[in-house]
1. Give the calculated FRET efficiency between GLU52 and ASN102 to the nearest 0.05, with a Förster radius of 25 Å applied to their Cβ-Cβ distance.
2. How do PHE98, PHE60 line up, fewest other C-beta atoms within 10 Å first?
3. Multiplying the sequence separation of ASN76 and ASP92 by 0.36 nm and subtracting their Cα-Cα distance, what value in nm do you get?
Amino acid sequence: MRVLRFAAFGLILLAAACASGGGGGGGGGGASDRYLLTADDLAPYATLTLYEAVSRLRRFWIQGSGGRSPRVFINNQELGGAPSLEEYGATDAAELRFIQPNIAMTQYGPDYVGGVIQVILR
């Protein structure tokens, strides 16, 4: 009987965690996803470069990791380091995604210790 109560309690906790954990759902990046910026997030920064907008919205993206700047990919083509975002205006981007260093090194190799910023242009 005691085991049954324990199992029931565990299932209730699991159900509550799933309900409150929130799925990824749609919508803008904003504060809900620290690794995503959408065109809606960037719209208030229309007069800035992408570098300036990202610096204000997600400073940790620009800072990189291990003393290394993140690499930037524009439409799946590697462009260079974070300063290459200066070449684009904030309104040029449809979406930006930050790939954390540990994931970037797994996907791209050991030279990506600073992470990756993926940019999809409009």
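1. Working: r = 27 Å, r/R0 = 1.09.
That pair, GLU52 with ASN102, gives E of 0.40.
2. Final ranking by Cβ density, sparse to dense: PHE60, PHE98.
3. That works out to 4.2 nm of additional length.
Every number in this text was worked out from the coordinates using simple rules, so none of it is lab data. Not measured: the values here are computed from a predicted model. Quick reminder, even Gly has a Cβ in these numbers, built from the backbone with ideal geometry, and neighbours come from all protein chains shown.
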